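Comments concern the structure below.
The values are calculated or read from the model by the stated rules, or taken from the named source; none is laboratory data. Please read these numbers as outputs of a predicted model, since none were measured by experiment. Neighbour counts are summed over all protein chains in view; Cβ atoms, including those assigned to glycine, are modelled from backbone coordinates with ideal geometry.
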């Protein structure tokens with residue numbers, strides 16, 4: 001089974017999909033003329049609450065800040081700690097360069113897809129306002145394209161299970177504290193079920209508090225490690241750029257990676273980290289209380305900047321200043337753990353443990369929000385597949401994810417993300433003209 005999943009993942013993330021994503025991003029860049037990137041200052045003002053429509057009749061349930069935190073809760077997680085380590089292990093330091101490129105393009109992509117999520121909002125079977133690829137494909141392209149919406153939702157109900165997070169967390173706890181994987185799985189199954197029973201408001205309240213805190217703690221610790229290794233940073237940056245076209249293992253030996261393999265690795269891990277183009281973030285931003293779709297696009301654009309350009313880069317530099325020859329056996333969370341322990345001793349190992357706990361827990365909650373939206377779109381509460389059935393499904397999946405092989409988890413999620421990206425990108429590109437029209441009037445209104 002592991003070999004089959006690996007082969008499917010390699011096929012789906014091969015040259016055709018990379019070319020498809022590149023062309024789509026170039027089309028979106030043409031439509032935007034980089035206008036969203038010029039509005040970063042405006043994005044920050046939106047997030048600060050300056051333009052919140054608290055007393056308006058705008059649809060939506062949460063603020064711009066809460067929507068961003070919901071999205072970041074699902075993206076700032078073990079993809080930033082373990083996923084970056086996997087990228088370095090699989091594609092060398094050069095994979096980080098391609099993560100950066102994918103993230104910069106992803107900012108523009110996320111602007112479009114999250115704007116569309118607000119432009120074409122629908123209602124679920126309970127009458128709650130929802131947004132996301134399912135709705136903007138169906139209502140923007142027309143009902144005859146609903147098969148693409150359903151395809152996205154079916155892939156999403158598997159792809160948004162937090163299998164990677166619980167898997168890496170359970171292995172970290174087992175390796176460092178000798179607690180069996182299945183026990184971690186059971187504990188988090190119960191904890192997540194409790195949070196989910198509180199609905200979107202409880203999720204938003206939790207993520208808006210924990211995301212800024214956990215990001216700040218991780219940022220400080222990484223900066224401390226980098227300050228301890230200042231002399232190595234220039235060489236590390238040089239290796240990121242030079243190995244983008246050559247490729248080496250973390251142990252220093254040439255692995256003969258092709259350029260396409262390194263690009264593929266960087267793009268996959270960037271997609272896993274910030275999810276730009278995958279279609280998940282629009283489901284969070286579609287709940288924002290606003291009557292200005294473009295404003296939510298500006299808010300969403302900050303996600304890849306924070307997630308990949310800042311947090312993933314900190315992780316990559318922390319690992320690369322710490323690795324030594326002969327470490328090819330270390331992968332995933334173990335590689336990041338080595339970097340923290342090597343520089344900060346036992347304090348570093350335990351601090352990383354707390355961060356991993358917060359990152360993984362917040363991501364499990366954020367991903368549950370996405371998974372529930374896909375679930376509701378498919379079943380609409382019929383056949384007994386309502387809210388409580390979903391909570392059982394999602395929570396029990398965590399128990400399974402805690403004990404299965406990491407490689408199988410990574411390949412399964414990569415497969416689902418590739419399949420989710422296809423309908424999402426098709427819908428985003430074909431509706432991009434509508435976003436461009438609103439962008440011009442919005443920028444004129446706010447002098448951007």
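What to note about this one:
- Per the conditions (1) closer than 21 Å to residue 333 by Cβ; (2) part of a helix (DSSP H, G or I); (3) over 16 Å from the mean Cα position of the chain (by Cα), the sole criterion not satisfied by residue 413 is (3).
- Residues (closer than 14 Å to residue 232 by Cβ and either under 20 Å from the mean Cα position of the chain (by Cα) or part of a helix (DSSP H, G or I) (or both)) located in the stretch 295-326: 316, 317, 318, 319, 320
- The lone exception for residue 403 - which of (1) at pLDDT 85 or above; (2) part of a helix (DSSP H, G or I) it fails: (2)
- Counted as qualifying within the stretch 63-165 are the helices (runs of 4 or more DSSP H) with 1 or more residues that are in contact with a helix residue (DSSP H, G or I) (Cβ under 6 Å, 6 or more places away or on another chain) and at pLDDT 75 or above, namely 84-91, 94-119, 133-136, 146-159.
- The sole residue among 332, 348 that is crowded, with 17+ Cβ neighbours inside 10 Å, modelled with pLDDT of 85 or more, in contact with a helix residue (DSSP H, G or I) (Cβ under 7 Å, 6 or more places away or on another chain) and over 20 Å from residue 132 (Cβ atoms) is 348.
- Any chance residue 121 is crowded, with 20+ Cβ neighbours inside 10 Å, over 13 Å from residue 279 (Cβ atoms) and more than 16 Å from the chain's Cα centre (by Cα): yes
- Some residue of the stretch 386-394 being surrounded by 15 or more Cβ atoms within 10 Å (Cβ to Cβ) and under 21 Å from the mean Cα position of the chain (by Cα): yes
- Qualifying residue in the stretch 173-187 (condition: in a helix (DSSP H, G or I) and within 22 Å of residue 277 (Cα to Cα)): no
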